[in-house]
Amino acid sequence: MPEIDRNIHLIIEHGDEIDAVTYVAALMLVKYDGIDADMGNRPATLAHRRYIGRNMVFAYPGHPNSDVPEEREAARAIAKSIGHYATIALHSPNGYGARTAYIHPERGVSPRALGFLADMGVESLIMSKGEGIEAHAQNSFRFEYDFPSPLMRNPDDKPLIRCLETLANDPHAPVARAADFSWYKEAIGLHVDMYDPYVQGRRLDSSWAKPFERLSPELTCAAGYDYDNDPPLYMFHYREKSPTPDGFWGEAGVAVAAPDDTNWPHRYELAV
């Protein structure tokens with residue numbers, strides 16, 4: 001297998017996630033060694049919308065000649081990932097959520113990519129259901145980053161840029177294993193049909209449930225689960241002001257065992 005470039009491919013998938021969009025736009029102007037920033041979903045970003053034709057997370061592998069903008073952008077993102085050490089789809093919660101990442105349980109990521117997440121303070125990870133760039137690009141994941149404040153939406157966000165540069169340029173960067181994290185699996189989307197009676201006229205905040213904290217009996221029941229007899233549901237994130245165009249307030253899931261990372265990428269190489 002050929003050794004690959006050490007560069008990190010950093011992209012945006014949702015045009016309405018202003019923190020992530022602003023940050024990547026700044027990185028495109030202020031170049032950092034080893035970090036290849038790309039707006040990713042360009043049509044949605046220009047329109048300040050989550051997506052134009054289809055949620056980009058579900059648009060992979062896409063096609064360069066598709067009539068759907070996100071399918072064209074998904075195909076472009078996969079093509080650009082070749083030759084990069086890792087591809088990170090940067091997301092920022094439009095509301096209240098945890099710092100976490102979505103990782104494909106079979107494809108996985110390298111120990112250094114897991115080390116990046118641990119260095120960023122991530123403690124809990126989510127098993128991807130098989131969509132997203134993590135199912136199609138080598139050593140890739142979706143990273144949910146809770147920017148500390150609007151002032152941190154700039155390329156000098158010290159924790160993030162430090163960890164990105166370390167991952168891109170330091171062969172001896174921190175490493176971690178799958179078992180070093182708590183793991184969860186998506187179970188439900190928190191849809192307006194279930195939750196609108198609870199959210200109308202209320203601000204979504206930590207009183208609902210802290211990230212990776214168990215949902216209350218009331219919200220569990222609203223989701224159609226039995227609080228006492230079904231596996232506990234844990235909140236991943238809530239949107240603060242309005243649901244997504246598809247009507248989802250956020251996501252919740254169940255705790256699972258760490259995946260077996262024996263066959264995950266372990267070398268500084270990529271099969272192309």
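The values are calculated or read from the model by the stated rules, or taken from the named source; none is laboratory data. Small disclaimer: the values here were computed from a predicted structure and weren't measured. Neighbour counts are summed over all protein chains in view; Cβ atoms, including those assigned to glycine, are modelled from backbone coordinates with ideal geometry.
Some notes on this structure:
- First in segment 57-81 and of a type in the set (Ser, Thr, Tyr), second anywhere and assigned to a loop (DSSP other than H, G, I, E, B), Cβ under 8 Å, 6 or more apart: Tyr60/Glu131; Tyr60/Gly132; Tyr60/His136; Ser81/Ala137; Ser81/Gln138
- Residue within segment 32-52 that is of a type in the set (Ser, Thr, Tyr) and in contact with a Lys or Arg (Cβ under 7 Å, 6 or more places away or on another chain) present: no
- Residues of segment 28-65 satisfying the condition of being farther than 28 Å from Ser242 by Cα, hydrophobic (A, V, I, L, M, F, W, C) and in contact with a helix residue (DSSP H, G or I) (Cβ under 9 Å, 6 or more places away or on another chain): Ile35, Ala37
- Selection status of His48, over 19 Å from Glu131 (Cβ atoms) and surrounded by fewer than 22 Cβ atoms within 10 Å (Cβ to Cβ): yes
- The one condition from (1) over 18 Å from His237 (Cβ atoms); (2) of a type in the set (Val, Ile, Thr); (3) crowded, with 22+ Cβ neighbours inside 10 Å that Ile78 does not meet is (3).
- Residue list for segment 210-267, filter: β-branched (Val, Ile, Thr), surrounded by 13 or more Cβ atoms within 10 Å (Cβ to Cβ) and over 18 Å from the mean Cα position of the chain (by Cα): Thr220, Val256
- Scope segment 12-46; condition polar (S, T, N, Q) and in contact with a strand residue (DSSP E or B) (Cβ under 9 Å, 6 or more places away or on another chain); matching residues: Asn41, Thr45
- The set of residues from segment 69-95 being touching a Phe, Trp or Tyr at 6+ places or on another chain (Cβ under 9 Å) and more than 11 Å from Glu144 (Cα to Cα) comprises Pro69, Glu70, Glu71, Ala74, Ala75, Ala77, Ile78, Tyr85, Ala86, Thr87, Gly95.
- Matching helices (runs of 4 or more DSSP H) fully within segment 1-103 where at least 2 residues are more than 25 Å from Leu125 (Cβ to Cβ) and in contact with a Gly (Cβ under 9 Å, 6 or more places away or on another chain): 42-47, 69-81
- Taken over segment 104-143, the criterion of being among the hydroxyl-bearing types (Ser, Thr, Tyr) and not in a loop (DSSP other than H, G, I, E, B) is satisfied by Ser124, Ser140.
- Restricting attention to segment 253-272 and to residues that are out of contact with any Pro (no Cβ under 8 Å at 6 or more places or on another chain) and modelled with pLDDT under 70, the residue that is farthest from Ala135 (Cα to Cα) turns out to be Arg267.
- Scanning segment 144-153 for residues that are part of a loop (DSSP other than H, G, I, E, B) and modelled with pLDDT of 90 or more returns a single hit, Tyr145.
- Qualifying residues in segment 212-235 (those that are among the hydrophobic types (A, V, I, L, M, F, W, C), touching a residue at least 24 places away in the same chain (Cβ under 8 Å) and not in a loop (DSSP other than H, G, I, E, B)) - the one nearest to Glu186 (Cα to Cα): Met235
- Of all residues making up segment 236-256, the number that are of a type in the set (A, V, I, L, M) and either without any contact (Cβ under 8 Å) to a residue 40 or more places away in the chain or part of a loop (DSSP other than H, G, I, E, B) (or both): 0
- Qualifying positions in segment 26-41 - crowded, with 17+ Cβ neighbours inside 10 Å and more than 15 Å from Glu165 (Cα to Cα): Asp38, Met39, Gly40, Asn41
Table: residues versus (1) hydrophobic (A, V, I, L, M, F, W, C); (2) modelled with pLDDT under 90.
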{"site": "Asp5", "(1), (2)": "no, yes"}
{"site": "Lys31", "(1), (2)": "no, yes"}
{"site": "Arg49", "(1), (2)": "no, no"}
{"site": "Asn55", "(1), (2)": "no, no"}
{"site": "Phe58", "(1), (2)": "yes, no"}
{"site": "Ala79", "(1), (2)": "yes, no"}
{"site": "Thr100", "(1), (2)": "no, no"}
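- Any hit, segment 189-204, residues being under 17 Å from Leu233 (Cβ atoms), touching a Phe, Trp or Tyr at 6+ places or on another chain (Cβ under 6 Å), modelled with pLDDT of 85 or more and not in a helix (DSSP H, G or I): no
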